[in-house]
Amino acid sequence: MNSTYDIPDSTDWLKTSLSAFEPLEAALRCQVCKDFYDTPMITTCSHTFCSLCIRRCLASDGKCPICRSSDQADKLRKNGAVQEIVDSFQAARPAALKLAREDVALREEHGAPKRMLKRKLDDTDLEEAEEQRPKQSRRTRSQNRVQDSSPPRLEVIDLDEDYEDDNGLVKCPVCNIRMKEESIWSHLDKCDGQSKPSSGRNSRSRSTPSVTNLLQRTPEKEPASALARLPQLNYSLLKENALRKKLQDLGIPALGSKQLLIKRHVEWGNLWNSNCDSARPRTKRELLKDLDTWERSQGGGAPNPAAVVMKKDFDGNGWATSNKSQFDELIANARRKRTPVEKVEMKEDAVDKMETTAAETREFYDNSNLHNDLRRPSEGNEDALSIIREKADQANLDGLTSRSIVNLASRANAHVNTVDEDVFLDAPRDEFIGNSLDSPLHN
Amino acid sequence: MSSSRSQTPTKRLLNELQTYQSDPNDALVELGPVSDNELTHWTAVMKGVPGTAYEGGRWKLDIRIPSNYPNAPPEVKFVTRICHPNVNFKTGEICLDLLKTSWSPAYTITTTLTSIQQLLTSAEPDSPLNVDIAQLFRLGDFVGAEALIRYYTESERWEGRQSV
């Protein structure tokens, strides 16, 4: 566990010289998974979450986790700006954090001279690290306006573009290369849209590459948005078999109760639809793997204490050992209850003689409940119990599930008190004690 | 990126733990998993709010985290006995809507515990789990209630592993 223990976290900034970055990073993390936004989606109440997180939340209670206003999954919209910010922040984070930590170390060594200057330099470096793009024009800007936060800087860039247009050159709207106005038309005819590295004074503004990126990325994105989102189903209107069929058609496991089918379909819808939102969609195989993980942790394969005993690979020996005290107690109880009825032994003997077949026995019991007390097979109990124990051990060795052991133990109890119907079915009364234990096992 | 898609609450719990360790919660003396092997069973020690009848108290809490956390709330119980209208004196069960119906995945273990600490000073005697103290509140016997609370806060105080 210790190897995975170092998890990046917004509080990493607290002890560095950039402690103001803590709220910044916290704002870039999803409130549900506490990780950086993965495919951020905005709700109708203007809160942003990872696509998968908010889809799961809405599927479970239909409310925004932050403000609790009702919302629906199909009203979610992509928050592309946040995605870009998160991506660039994540790229810049390691370098920035390293610098900020070194800064603290340095300050501890040298006292605190040049602190302000140092921090400003760090900020500049950080901005540069964020974007690996031409930075000549930006450098001068950032030196002039170090304290700027990013939105005003973008405005300045826009203004810059307007000013630059005044120098007699115009920009090709396709590839953004600047040229004389008279040559633009002939250039446009052959322009392929690839922006070449800027040369000379044609320093490109920061917003330009991202426009180009967008243009280039759009065709790649097409197939992603072509993936059809799964509609939500009204499960109460669907019969179990129809639902099972739907799951089969989707290519996901169709086993289990209707309840489980619904849960699985909801989860698959969440996984699938959030993958449709993603700019980096994953393959169906990966999604199926995720579904499998879900299945094992929360779906049908989730540990369910009641179901453990029913499993085929159930460890009967282990169970018998771990619950030995309870079995012993049952047996002891059975013994104790035997004692008070010994007095009626004599009468019972008489009764025994009357019966020759199991059928008679059954009749006898059915007809006279009064005699139940008399019919305790007390004289054989000691033997019966030892046989039970023997059989239980043997059953264990034979690999029978301990469910039958539990049955045996409870039967041992039942024997002494009341009539155990299964046991009497075939055996004549006299042989009952010896054979009784065979019948449930061999059934 | 794909790690954030993990189905189990492990990743988020580690994240919360990290956050707590570098930015501790004023309401708590300690918080963390019971053992390294079992990340879904935490324990915490809570402080009493100064200036109230619970002042100076220390209570140990037991926190069980379900497998579909954070979409389902953690189960929080007082291990140390506490005298409070909304806490069962014997079982430690807490009556707080946050832990039941109004849970939201945006809450964390620490914010939940902060809410529980706030519950100490804003009791709801009309939905009691401890009828005796709730009755004192309802009848307006605040002196008696405070005395009783102070008595239990002192006598039941959690003394294990004091770090303050």
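The values are calculated or read from the model by the stated rules, or taken from the named source; none is laboratory data. Just so it is clear, the model here is predicted, and its values are computed rather than measured. We place every Cβ from the backbone using ideal geometry, glycine too, and count neighbours over all the protein chains shown. Quick note on the areas: whole protein, heavy atoms, side chains included, nothing else; ligands and nucleic acids left out. Shrake-Rupley method; radii C 1.70, N 1.55, O 1.52, S 1.80 Å.
Here are the numbers for the structure shown:
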{"read-out": "Positions within segment B:48-65 being within 16 Å of the chain's Cα centre (by Cα) and either closer than 20 Å to A:Ala59 by Cβ or of a type outside the set (Gly, Ala, Ser) (or both), in sequence order", "value": "B:Val49, B:Tyr54, B:Glu55, B:Arg58, B:Trp59, B:Lys60, B:Leu61, B:Asp62, B:Ile63, B:Arg64, B:Ile65"}
{"read-out": "Scan of segment A:46-67 for residues that are in a loop (DSSP other than H, G, I, E, B) and either within 19 Å of A:Cys276 (Cβ to Cβ) or open to solvent by 30 Å² or more (accessible area, probe 1.4 Å) (or both), ordered by number", "value": "A:Ser46, A:His47, A:Ile66, A:Cys67"}
{"read-out": "Some residue of segment B:81-93 being over 25 Å from A:Cys50 (Cβ atoms) and of a type in the set (Phe, Trp, Tyr)", "value": "yes"}
{"read-out": "Selected residue (criterion: farthest from the other protein chains (Cβ to nearest Cβ)) from residues of segment B:15-40 that are in a loop (DSSP other than H, G, I, E, B) and more than 24 Å from B:Gln118 (Cβ to Cβ)", "value": "B:Asn37"}
{"read-out": "Residue list for segment B:59-95, restricted to those being surrounded by fewer than 19 Cβ atoms within 10 Å (Cβ to Cβ) and of a type in the set (A, V, I, L, M)", "value": "B:Ala72, B:Val79"}
{"read-out": "In segment B:141-164, residue farthest from B:Thr19 (Cα to Cα) [restricted to those that are open to solvent by less than 40 Å² (accessible area, probe 1.4 Å) and out of contact with any helix residue (DSSP H, G or I) (no Cβ under 6 Å at 6 or more places or on another chain)]", "value": "B:Ile149"}
{"read-out": "Unmet requirement for A:Asp9, which otherwise passes all of (1) more than 24 Å from A:Glu267 (Cβ to Cβ); (2) over 21 Å from the mean Cα position of the chain (by Cα)", "value": "(2)"}
